[in-house]
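Below is one structure, written out as structure tokens, with a few remarks after it.
The values are calculated or read from the model by the stated rules, or taken from the named source; none is laboratory data. Source: prediction; values computed, not measured. Cβ placement follows ideal geometry from the backbone for every residue including glycine, while neighbour counts extend to all protein chains displayed. Surface accessibility is based on the protein's heavy atoms, side chains included, excluding ligands, DNA and RNA. Shrake-Rupley method; radii C 1.70, N 1.55, O 1.52, S 1.80 Å.
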Amino acid sequence: MASFKEWPSFLMVFLFALFAQYCCTRIDDDGCNNHKGNSQHRCVPKVNYRHKEKEVLDQILGPGSYDARIRPSGVNGTGDSPCIVYVNMLVRSISRIDDYKMEYSVQLTFREQWMDERLKFNDYNGKMKYLTLTEANRVWMPDLFFSNEKEGHFHNIIMPNVYIRIFPNGLVLYSIRISLTLSCPMNLKLYPLDRQTCSLRMVSYGWTTDDLVFLWKEGDPVQVVKNLHLPRFTLEKFLTDYCNSKTNTGEYSCLKVDLLFKREFSYYLIQIYIPCCMLVIVSWVSFWLDQSAVPARVSLGVTTLLTMATQTSGINASLPPVSYTKAIDVWTGVCLTFVFGALLEFALVNYASRSDTHRDDMSKKCDLERTVSMDVGDYEDGPNSFNMKPLMRPELMMSRDKMSQIIHQTPPMEKNSCWKSWMSKFPTRSKRIDVISRILFPMVFAMFNMSYWSTYLFREGVDEDK
């Protein structure tokens, strides 16, 4: 047993142990680890994994360990098989589809994934999930390009919208936000009742299929934002496919996305079809005006004709000059023909009116000459001449004009009796032409509408089934 003099030393040791335990507890609260083993306490400081990321990046991307000019090994870990790159994308917006230039603009997030065994690293028991880079030239990159691109640019506000993630197993994920203007050859035969297919093609520029192969990522490789809205089109569906191209230098891997757009017809119905119908109907008003109202009928016909011509030129100004006839060309051409026909109808009415007037004047002149000649003959006979009595009673005698009408009268036809009785209400030819035009023009225009809509709507349904 310790003597009384040794108690202060034991007391000091005891107090020192309590102080050490207190310090270890405080350090553990500030970030140190408290390990218990064999009734002993250890304090180990936390690892700074951000500092470890720098060490790992310097280790795997160092000048002596990695060369970005060499492509990764294939599936079997050797250079005999090609490097497989999986592609997927998110379509963020489609700003415009230009019919005249035959192009469309799209903004998308483009992603590529591939394995590079040279970039494997220690994940420190799952503490380091992946490494992030913002410089694409630090690692090997697939030489993909968009073959139908006209213009394109990256987004650098506020920072460049690009990143590269390197996972512990060597998987590399490359993501970038880009805006592209791509060509879209269109077939406008059914315009504006048409559907257009615009493609997005991605091809390897220098690596052949022996070294690099592009594949679509399994499980929804193309995504479209839910609130995608186009002013005059609707995105019906999209299809992914492969389009490998062969040239003199080899075969190159190719991917494509076909975007199927349907044109919204309501805009064209309000802006083109209804106004054209109204112009055609307005041109028919001249049929109901009096044939002597020459200024009114001429002004109405010329105004509607010029308005229709302006409408047609405005439609064609927004479309490319193509060698085939479009559906809108058929419509505007027929409407223009009806308006022009109404103007020609007045020219015919005016000619018929002047002809009728001239015929009436000639008839009156002949009647006057006949009357004068009869009066002169009676005067030459003299007042003392002997007048022969007629062999027939006066009430049975018939005038010469009436006898001529009976001789030249044709027997009535039963089939056309109703038509002739109705037409007899309009004695002049000019009036008859106006009356016939009031019926004929609307009937022909209605028949044209039936054939037009049945033809083009049916062809639109056939194209949709394809």
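Using the Karplus equation 6.51 cos²θ - 1.76 cosθ + 1.60 (θ = phi - 60°), what ³J(HN,Hα) coupling, rounded to whole Hz, does each residue of region 155-163 give in order, writing x for Gly and Pro?
Along region 155-163, the couplings run 10, 10, 10, 7, 10, x, 7, 8, 8 Hz.
Using a 1.4 angstrom probe on the protein heavy atoms only, could you order His153, His229 from most to least accessible area?
Working: His153 105, His229 145 Å².
I get His229, His153, largest accessible area first.
With a Förster radius of 22 Å, plug the Cβ-Cβ distance of Leu239 and Met102 into 1/(1 + (r/R0)^6) and report the FRET value to the nearest 0.05.
Details: r = 20 Å, r/R0 = 0.91.
That gives a FRET efficiency of 0.65.
If we count every other residue with Cβ under 12 angstrom of Ser204's Cβ, Lys/Arg +1 and Asp/Glu -1, where does the sum land? Numbers along the way, then the final one.
Details: positive: Arg71, Arg201; negative: Glu112, Asp143, Asp210, Asp211, Glu251.
Counting the neighbours of Ser204, the net charge comes to -3.
What nm distance separates the two modelled labels at Arg165 and Asn125, each placed 7 Å from Cα along Cα→Cβ?
Output for this residue pair reads 2.4 nm.
What does the charge add up to near Asn169, with Lys and Arg as +1, Asp and Glu as -1, over the other residues with Cβ less than 15 Å from its Cβ?
Working: positive: Arg118, Lys120, Lys129, Arg165; negative: Asp116, Glu117, Asp123.
Computed value for this residue: +1.
To the nearest 0.05, how large is the calculated FRET efficiency for Asn316 and Asp290 if R₀ is 45 Å and r is the Cβ-Cβ distance?
Using R0 = 45 Å, I get an efficiency of 0.75.
Subtracting the Cα-Cα distance from 0.36 nm times the residue separation, let me have the gained length for Ala309 to Asn187 in nm, one decimal.
Details: separation 122, 0.36 × 122 = 43.92 nm, distance 2.46 nm.
Here the segment from Ala309 to Asn187 would lengthen by 41.5 nm.
Please report the accessible area of Arg118 (heavy atoms, 1.4 Å probe, ligands and nucleic acids excluded) in Å², nearest 10.
Counting only protein heavy atoms, the figure is 80 Å².
List every residue whose amide H lies under 5 Å from the amide H of Arg96, counting only residues 5 or more places away in sequence or on a different chain, with H placed 1.01 Å from N in the peptide plane.
Ser105
Sort Glu149, Glu53, Glu218 by heavy-atom solvent-accessible area, probe 1.4 angstrom, most to least.
Greatest to least solvent exposure: Glu218, Glu149, Glu53.
With each pseudo-label sitting 7 Å past Cα toward Cβ, what's the Ser93-Gln223 distance in nm, one decimal?
1.9 nm
Could you run the Karplus curve 6.51 cos²θ - 1.76 cosθ + 1.60 with θ = phi - 60° over region 59-72 and give me ³J(HN,Hα) per residue in whole Hz, x for Gly and Pro?
Residue by residue, region 59-72 yields 6, 7, 10, x, x, x, 10, 9, 10, 5, 7, 9, 6, x Hz.
In terms of solvent-accessible area of protein heavy atoms at a 1.4 angstrom probe, what is the ranking of Asp258, Asp290, highest value first? Could you put the intermediate results ahead of the total?
Working: Asp258 30, Asp290 90 Å².
Ranking Asp258, Asp290 by accessible area, largest first, yields Asp290, Asp258.
Could you list the residues of region 50-67 with an amide nitrogen less than 20 Å from a label point located 7 Å from the Cα of Thr134 in the Cα-to-C-beta direction?
Those under the cut-off are 50-58, 61.
Tell me, what is the FRET efficiency for Ile274 and Arg354 to the nearest 0.05, using R0 = 41 angstrom and their Cβ-Cβ distance as r? Spell out each step's value before the answer.
Values: r = 38 Å, r/R0 = 0.92.
Working from the Cβ atoms, E equals 0.60.
Around Asn148, under 15 Å between beta carbons, what's the net of Lys plus Arg minus Asp minus Glu among the other residues? Present the calculation step by step, with values, prior to reporting the outcome.
Values: positive: Lys101, Lys150, Arg201, Lys256; negative: Asp98, Glu103, Glu149, Glu151, Asp241, Asp258.
Within the 15 Å Cβ shell, the charges total -2.
Search the structure for amide H atoms under 5 Å from the amide H of Trp216, placed 1.01 Å from N in the peptide plane, and list their residues when 5 or more places away or on another chain.
Val87
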